[in-house]
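Coordinate-derived values only; no laboratory data. Please read these numbers as outputs of a predicted model, since none were measured by experiment. Backbone-built Cβ (ideal geometry, glycine too); neighbour counts: all protein chains shown.
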Amino acid sequence: VFQLSVPLNFLGSVYRELRQSLLDMETLFNLQKVHVAIKEAPDAPRLRMPQGGVIKFENVTFGYTAERMILKNLTLTIPAGQKIAIVGPSGSGKSTLLRLLFRFYDVQSGRITIDSQDITGVALDSLRRSIGVVPQDTPLFNASLRENLKYGNLEASEEMVQRAAERARVKEVVDRLPEGWDTQVGERGMMISGGEKQRLAVARLLLKDPPLLFFDEATSALDTHTESSLLANINSILKEKKRTSVFVAHRLRTIYDADLIIVLSEGRVAEQGTHEELMRFGGIYEGLWRAQEMSFMDKGPVDERTL
Ligand code: ATP
């Protein structure tokens, strides 16, 4: 028994590592749909973040097919330790930026760097481990609620799980479920609403605690009240830890407080600045903001608004 336990433990940790990187991929994309031919040098160095995670897209051109370019000579900088928002019409390439950063595809030309290291030159697992995402749609595994949350960090202590659950407002979900933390969820288990899944995804991310955090429409299924309380919690964590974070959002009310708002349009940066600057500029952002405010006012009392 003693002799066996060493290789089993070893296998266990390999399994955990595998599980962790699979989770990240599964959550960002539907794995089956992605067939990619990216290459990694066998001796690629690990990604380091001496400057806290400055992300740069330099003259990046990219298309899923050769006929149609989605990003066209795009240049942008995401400063370290700040809250950045990326907004823009549907199809403008916001989620594509995230996929390139995770290196699910390589750019056609230009380069993407993190703290001056070209991401095509670093070990893939070190890159993906540095980035955490709350995707548009979070898959649940056929397992208990606790196990689903712990996929964020398989080594997390019970105390860490409870704390993440509290901050991500998962506690209300636990209270609602018949067997609490032990309730089986996923396709073969209890149904969980879209908003509840999003809170679970945020809790997972908090447990993973990566240096770079991405939220892709991460709170879109929540009612306004829960959304603002969750965002306030996320904001205070980001401030406290000084993490680089990027929010892709349609609802501008969720990101108007960002340090920098980048407006994408047709694969290019059309505008960038703070909310006040973009409102004064009177371009795409200001137009979107006005349109959303109008529909917001039509929606009636505050608690019923979802915008
Ligand atoms: P939304 O706000 O609707 O999420 P987005 O700005 O995030 O949109 P992307 O998902 O980045 O947009 O998509 C940009 C363009 O790339 C779209 O026209 C989309 O149809 C196309 N696209 C996305 N994924 C693929 C793919 N795997 N193969 C081919 N085209 C794709």
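Using a Förster radius of 41 Å, what is the FRET efficiency between Ala291 and Ser157 based on their Cβ-Cβ separation? Nearest 0.05, please.
That gives a FRET efficiency of 0.30.
Would you calculate the separation in nanometres between label points at Lys239 and Thr274, each defined as 7 Å from the Cα along the Cα-to-beta-carbon direction?
1.4 nm
Can you give the local net charge around Thr274? Use residues other than it whose beta-carbon is closer than 14 angstrom to its beta-carbon, Lys and Arg +1, Asp and Glu -1.
With Lys, Arg at +1 and Asp, Glu at -1, the net is -4.
Taking amide H positions as placed in the peptide plane 1.01 Å from N, state which residues far from Ile261 in sequence (5 or more) or on other chains have amide H under 5 Å from it.
Ala85, Gly273, Thr274
Rounded, prolate or oblate, given the Cα gyration tensor of the stretch 136-208, with a/c below 1.5 counting as rounded?
In terms of gyration-tensor shape, rounded.
Report, by chain and number, residues whose modeled amide H sits under 5 Å from the one on Ser144, excluding near sequence neighbours (fewer than 5 apart, same chain).
Val185
Can you tell me which of 276-283, 51-58 comes out highest on packing, and rank the rest after it, using the mean Cβ neighbours within 10 Å?
51-58, 276-283
Beyond 20 Å between alpha-carbons counts as too far, so tell me which of Lys56/Lys242; Lys171/Lys208; Lys83/Lys150; Lys171/Lys239 fall in that bin.
Going by Cα-Cα distance, Lys83/Lys150; Lys171/Lys239 fall outside the 20 Å limit.
Enumerate the calculated ³J(HN,Hα) couplings along the stretch 287-294 in order (Karplus 6.51 cos²θ - 1.76 cosθ + 1.60, θ = phi - 60°), each rounded to whole Hz, writing x wherever the residue is Gly or Pro.
x, 5, 4, 4, 4, 6, 4, 5
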